[in-house]
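To start, the structure under review is shown below, and the notes come after it.
The values are calculated or read from the model by the stated rules, or taken from the named source; none is laboratory data. Only a predicted model underlies this, so the values are computations on that prediction, with no experimental measurement involved. So basically every Cβ, Gly included, is an ideal-geometry build from the backbone, and we count neighbours across all protein chains shown.
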Amino acid sequence: MRTQEVLCPTDFSATAAHALKYAVEMANLYQVDIRLLHVVSPARSAHFYGVAVETPASLEQKLAEFVAEKMQSLQQDMQQGLKSGLSIKCIVRHGEASEEILAEAADVGMVVIASHGSSGLMDFLKPHVSQDVVRLAKCPVLVVKSLPPIKDLS
């Protein structure tokens, strides 16, 4: 690996949580640290039915607090699965997901990314984001598919 880190972007979706498990496995296998990344899309005006809607500063603050809490929680959960001596660095970037992930991927040994992410407010890992990362990253990329739904056997 080029450096001693595996990059794992997250949007806090179930598929991203599944990918985190693979990131821990890869880190343990190669004895490398994890770089956990969340990208916050830029606050921008959106036009709905001709009315401009802007995100208030208080919502931005709440979002920042939410992201910090989620990242800390994920870090604690993942740390339990890591071998002794390995660590997790949490990074929050602001911008377009593909661009920010690729910027972080420039100096890591591997990227572990979910194939699809959430939608709505936390819209982050759209299919094109993982495709962009696979196509443009200079390092190996492991794309983790979502877990299949559990079927009721009754």
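Observations, loosely collected:
Okay, residues lined up against (1) at pLDDT below 90; (2) over 13 Å from the mean Cα position of the chain (by Cα); (3) of a type in the set (Ser, Thr, Tyr); (4) not in a helix (DSSP H, G or I):
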position: VAL111; (1), (2), (3), (4): no, no, no, yes
position: GLY117; (1), (2), (3), (4): yes, no, no, yes
position: LEU121; (1), (2), (3), (4): yes, yes, no, no
position: LEU125; (1), (2), (3), (4): yes, no, no, yes
position: HIS128; (1), (2), (3), (4): yes, yes, no, no
position: ASP132; (1), (2), (3), (4): no, yes, no, no
position: SER146; (1), (2), (3), (4): yes, yes, yes, yes
position: ASP152; (1), (2), (3), (4): yes, yes, no, yes
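- Residue in the range 84-95 that is at pLDDT 95 or above, polar (S, T, N, Q) and surrounded by 11 or more Cβ atoms within 10 Å (Cβ to Cβ) present: yes
- Yes/no for GLU60 being farther than 25 Å from LYS145 by Cα, at pLDDT below 95 and out of contact with any Leu (no Cβ under 9 Å at 6 or more places or on another chain): yes
- Restricting attention to the range 12-25, the residues being in contact with a Ser or Thr (Cβ under 6 Å, 6 or more places away or on another chain) and surrounded by fewer than 24 Cβ atoms within 10 Å (Cβ to Cβ) number 2.
Quick grid of which residues meet (1) more than 21 Å from ALA17 (Cβ to Cβ); (2) in a strand (DSSP E or B); (3) at pLDDT below 95:
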site	(1), (2), (3)
THR55	yes, no, yes
MET71	no, no, no
GLN76	no, no, no
GLN80	no, no, no
ALA103	yes, no, no
